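Engineer: First the structure, then my questions, so here it is.
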Amino acid sequence: MNSDSSRPHSDLGNSSRIPRRRIHRGVFIAAGIYNIAWGLYSAFDPQWLFRFAKMPLANHPPIFASLGMVVGLYGILYFEVARVPERGWLLAAVGLAGKLLGPIGLFVLLWQGTWPLATIVLCLTNDLIWWIPFALYLRDSWPFFRRSLAEW
């Protein structure tokens, strides 16, 4: 490993590319497409979950539509991770944090009996399926993030 500080920060010894780069890029492209599609659908039809779960329709559908817009914006961030996987650790970490917090919030609603079990579809597709690929990416990209912090 060269200690020359003039070398690009993405250079980590013998490898300047993240392990499993193609897989990580594919995962984050898929996550970007999914989040934007889900966000658009939920913004244009904010009552879909309530109909699906046979719940009373929401009194304030713009709140769910706003959630859809936020989820859609995450999709843009996931495309950035896919574009340069060596520099996406922080964006992916925030994404995974949301994917951990969402199910916690849903569990509270289920535990309280506020929402029916059918609403778990929300976490299956938005959160749970992404845990392992996001965690693997975070592990693989950690050395790159740590190096960028040291050079900051």
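Each reported figure results from applying straightforward, stated rules to the coordinates on display, with no laboratory input. Source: prediction; values computed, not measured. Don't worry about glycine lacking a Cβ; one is built from the backbone with ideal geometry, like all the others, and counts go over all protein chains shown.
Engineer: Taking the chain as the reference, fit the longest principal axis to its C-alpha atoms, fit the long axis of helix 89-112 to the helix C-alpha atoms, and give the angle between the two in degrees, 0 to 90, nearest 10.
Structural biologist: Its long axis makes an angle of about 20 degrees.
Engineer: For segment 1-151, with the dipole built from +1 on Lys and Arg beta-carbon atoms and -1 on Asp and Glu ones, taken about the Cα centre, which of 27, 74, 125 lies farthest toward the positive end?
Structural biologist: Among 27, 74, 125, the one farthest towards the positive end of the dipole of segment 1-151 is 27.
Engineer: Relative to the longest principal Cα axis of the chain, at what angle does helix 61-83 sit, 0 to 90 degrees, rounded to 10?
Structural biologist: On a 0 to 90 degree scale, this one is about 20.
Engineer: Once both axes come from the Cα atoms, what is the angle between helix 21-44 and the longest principal axis of the chain, in degrees from 0 to 90, rounded to 10?
Structural biologist: 30 degrees
Engineer: Kindly state, as a whole number, the per residue volume in cubic angstrom of the convex hull around the alpha carbon atoms of the chain.
Structural biologist: 114 Å³
Engineer: Which whole-number percent gives the relative contact order of segment 8-152, counting Cα pairs below 8 Å spaced six or more residues apart?
Structural biologist: 31 percent
Engineer: Could you compute the net charge surrounding residue 95? Neighbours are other residues with a C-beta less than 12 Å from the C-beta of residue 95; K and R count +1, D and E count -1.
Structural biologist: -1
Engineer: So how strong a dipole does segment 21-151 carry about its Cα centre when Lys and Arg Cβ are +1 and Asp and Glu Cβ are -1, to the nearest 20 debye?
Structural biologist: So the magnitude is around 280 debye.
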